[in-house]
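I have placed the structure first, in the form of structure tokens, so that the comments after it can refer back to it.
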């Protein structure tokens, strides 16, 4: 019998596929809450979420057909996607990774270097890095 106690991986992983503002905001809200609790976070960007980052569309809430929500969102001083991202980055506990396959499918290789994304990975590396993580969120 071993004296070592096995502890589960305490990281939080957020997979963002949709580029809709509400989903990206929710994913980064989860990431910000986790880092505030002292947990490491990895945010993985795919397809339309990646495109939102590459196009630097992180500041203005754009809820298609729901201007009432956008107005309330701003009136209540809700943080933007950029503000949440800055919280995650400033914590020193977060990593933002972009999927190389999605980058290629979007034809956006030229924007990769200026994106602010910490690391570019393919699925094999993503699967290795996230193995054993219990707290995974898919948006």
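A short reminder: the numbers here are calculations on the coordinates, not readings from a lab. Keep in mind that what you see is a predicted model, and the values were worked out from it rather than measured. Cβ placement follows ideal geometry from the backbone for every residue including glycine, while neighbour counts extend to all protein chains displayed.
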Original post:
Highest GNM mean-square fluctuation, the chain, Cα pairs closer than 10 Å: which of 56, 71, 22?
Top reply: 71
**OP:** For residue 135 paired with residue 29, estimate the spin-label separation in nm (one decimal), with each label point 7 Å from Cα along the Cα-to-Cβ line.
**Re:** 1.6
Original post:
By how many degrees, 0 to 90 and rounded to 10, does the Cα axis of helix 21-36 deviate from the longest principal axis of the chain?
Top reply: 40
**OP:** Going by C-beta contacts inside 10 Å, put 72, 52 in order with the fewest on the left.
**Re:** 72, 52
Subject >> Per-residue Cβ neighbour rank within 10 angstrom, fewest leading, 21, 138, 44 >> reply: 138, 21, 44
Original post:
Which of rounded, prolate, oblate describes the chain, given a ≥ b ≥ c as roots of the alpha-carbon gyration tensor eigenvalues and a/c under 1.5 marking rounded, otherwise prolate only if a/b is larger than b/c?
Top reply: oblate
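Could you tell me whether the stretch 36-109 comes out rounded, prolate or oblate from its Cα gyration tensor? Rule is a ≥ b ≥ c as square roots of the eigenvalues, rounded for a/c under 1.5, then prolate if a/b exceeds b/c, otherwise oblate. Numbers along the way, then the final one.
On the way: a/c = 2.83, a/b = 1.17, b/c = 2.42.
Since a/c reaches 1.5 but b/c is at least a/b, the shape of the stretch 36-109 is classed as oblate.
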Original post:
Anyone know which of 16, 58, 127 comes out most mobile in the 10 Å Cα GNM of the chain?
Top reply: 127
**OP:** Please find the FRET efficiency linking residue 72 to residue 123, where r is the Cβ-Cβ separation and R0 is fixed at 41 Å, and quote it to the nearest 0.05.
**Re:** 0.60
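Fewest first, what order do 73, 137 take by the number of other Cβ atoms within 10 Å? Display every interim value, and only then the final one.
Details: 73 18, 137 15.
Ascending number of Cβ neighbours within 10 Å: 137, 73.
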**OP:** Extending each Cα 7 Å along its Cβ direction at residue 114 and residue 100, get the distance between those two points in nm, one decimal.
**Re:** 2.3
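Between residue 89 and residue 63, what FRET efficiency follows from the Cβ-Cβ distance if R0 is 30 Å, with the result rounded to 0.05?
Approximately 0.75, to the nearest 0.05.
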